[in-house]
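Read-outs: derived from the displayed coordinates by stated rules, not from any lab. Given the structure is predicted, the values throughout are model-derived calculations rather than measurements. Counting neighbours? That spans all protein chains shown, and the Cβs are built from the backbone with ideal geometry, glycine included.
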Amino acid sequence: MLFGVPVETLVPGAAVLAVVVGLLLWRPWRRHPEPVAVRFTPHAVERMAQRRVSEAQVREVLAHPDRAVATTYESPDGGERDSVRLERGFRRRLLKVWVPADWRANGIVAVKSVAWQYSETLRIPGARAGRIIGRGGQTIRDLERAYDVRISVDGGMGLARIVGDDAGSVASARREIRRLVR
């Protein structure tokens with residue numbers, strides 16, 4: 001049986017199509033219930049205010065993360081602690097939320113910190129990608145240092161991607177790259 005239909009009654013390609021559609025509709029985070037309660041540390045509350053992150057946005061990340069990355073940090077008492085960085089995309093920015101490694105264990109989630117990551121992708125003439133990279137990669141390193149961003153260039157595809165923690169820095173780097181490839 002496949003989606004309630006006997007497999008032998010399906011046209012040969014229909015079974016494959018049904019499996020592909022089923023996989024596309026499957027969302028692994030749906031297996032986990034939404035957290036019962038969320039507790040924000042003072043640090044998280046401070047960062048949310050500074051970075052204009054709403055509680056609703058944090059709850060969206062907790063309920064439906066696009067990605068979870070295990071991380072380790074040094075705690076104030078000098079020991080190392082494990083945590084998880086949950087990420088979810090919101091248009092051209094990514095919201096990162098740090099929680100304890102055992103964040104699903106007791107139904108109460110302690111949010112430790114939050115941060116936005118901004119990104120821009122530019123179309124560039126492939127022949128001019130070298131202007132962004134520079135001799136020995138010097139220009140791209142200078143741009144990354146000056147604007148505190150990360151830049152990747154794919155001359156074959158004609159794309160430059162800028163990623164940073166500050167929207168203004170990403171916008172300034174974008175303007176400079178556009179100036180370089182004119």
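Quick rundown of the values:
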item	result
Peptide ranges 69-79, 120-130 listed from the most packed, as the mean C-beta count within 10 angstrom indicates	120-130, 69-79
Cα centroid of the range 58-72 to Cα centroid of the range 147-171, whole Å	24 Å
5 angstrom amide H check on L159, placed H, neighbours 5+ away	I124, D154
Positive minus negative residues near A146 (Lys, Arg vs Asp, Glu; Cβ under 14 Å)	+1
Shape category assigned to the range 33-118 from the gyration tensor of Cα positions, a/c cut at 1.5	rounded
Integer Hz, Karplus 6.51/-1.76/1.60 couplings in order for the range 54-68, x for Gly and Pro	8, 4, 4, 5, 5, 4, 5, 5, 5, 6, 9, x, 7, 7, 10
Amide proton proximity set for R88, modelled H, under 5 Å, gap of 5+	D66, L95
3J(HN,Hα) from dihedral phi, the range 95-103, Karplus parametrisation 6.51/-1.76/1.60, rounded to Hz, x for glycine, proline	9, 10, 10, 9, 9, x, 4, 9, 4
Fully extended contour minus Cα-Cα distance, from R67 to E80, at 0.36 nm per residue	2.4 nm
For the range 33-118, size of Cβ-based charge dipole, Lys and Arg +1, Asp and Glu -1, in debye	500 debye
Cα shape, the range 124-181, gyration tensor, a/c 1.5 rule	prolate
Estimated vicinal HN-Hα couplings, Hz - the range 134-147 in sequence order (Karplus 6.51, -1.76, 1.60; Gly, Pro = x)	x, 5, x, x, 5, 5, 5, 5, 4, 4, 4, 5, 5, 10
